[in-house]
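The values are calculated or read from the model by the stated rules, or taken from the named source; none is laboratory data. Source: prediction; values computed, not measured. Cβ coordinates were reconstructed from backbone atoms using ideal geometry, including for glycine residues, and neighbour counts include every protein chain displayed.
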Amino acid sequence: MMKFKKIKNRLVLNRKVIVILYATRHIPRPLSVIRMEHKEDIIEYISIYCTDFYNELEKKAMRHYVAQVKFLPYKDRVEKMTIAYNRDSSNDSEVLKLLKNGIQEFHRNAAERVLNEHLCELTLNTCPKCGGIARTPTARQCRYCNHNWR
């Protein structure tokens, strides 16, 4: 008999076979069933909802990017923006190197790293019918097959 180790809402067998447990009315689906042809959507999902898995350098890069986009235009006009800009902007060469090819490349690289290193810990909201990733962690309708699992 196989022994499963229960981690949060997943069952793991030797860290190779991963089964996500959905609500009790759904059949558990292997994570490998996720539709990987929609890689851009998975990258977007991870970069929005799974930033807890970013390492410190990636978090600094995100803060630096937000400081450049949000605070820089108002830096000289509003004192709070100046404080926020000085707090979050970075001169670290490693941070700037991560953002050298643009924010989309940064998100792609960070999401791939998170997916590879934290696969067992990720809670991805996927469709129980087709395996496509939902738009948000709380969504209950598939964007690909329009299946509703409320």
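Region 40-126 holds helices (runs of 4 or more DSSP H) entirely within its bounds, and those carrying 3 or more residues that are surrounded by 12 or more Cβ atoms within 10 Å (Cβ to Cβ) and touching a residue at least 60 places away in the same chain (Cβ under 8 Å) map to 103-117. Going by the structure shown, is residue 15 modelled with pLDDT under 70 and surrounded by 16 or more Cβ atoms within 10 Å (Cβ to Cβ)? No; evaluated as a whole, the condition is false for this residue.
When each of 20, 48, 34 is tested for being among the β-branched types (Val, Ile, Thr) and at pLDDT 90 or above, the lone residue that passes is 48. Candidates are the residues of region 53-89 that are farther than 29 Å from residue 118 by Cα and among the acidic types (Asp, Glu); the one that is modelled with the lowest pLDDT is 76. Scanning region 114-138 for residues that are under 10 Å from the mean Cα position of the chain (by Cα) and modelled with pLDDT of 90 or more yields a count of 1.
The set of residues in region 89-111 being closer than 17 Å to residue 44 by Cα and of a type in the set (A, V, I, L, M) consists of 99, 103, 110, 111. For region 136-148, the set of residues classified as surrounded by fewer than 16 Cβ atoms within 10 Å (Cβ to Cβ) and part of a loop (DSSP other than H, G, I, E, B) consists of 136, 137, 138, 139, 140, 143, 145, 146, 147, listed by residue number. Residue check: is residue 58 under 29 Å from residue 131 (Cα atoms) and out of contact with any strand residue (DSSP E or B) (no Cβ under 8 Å at 6 or more places or on another chain)? In short, yes.
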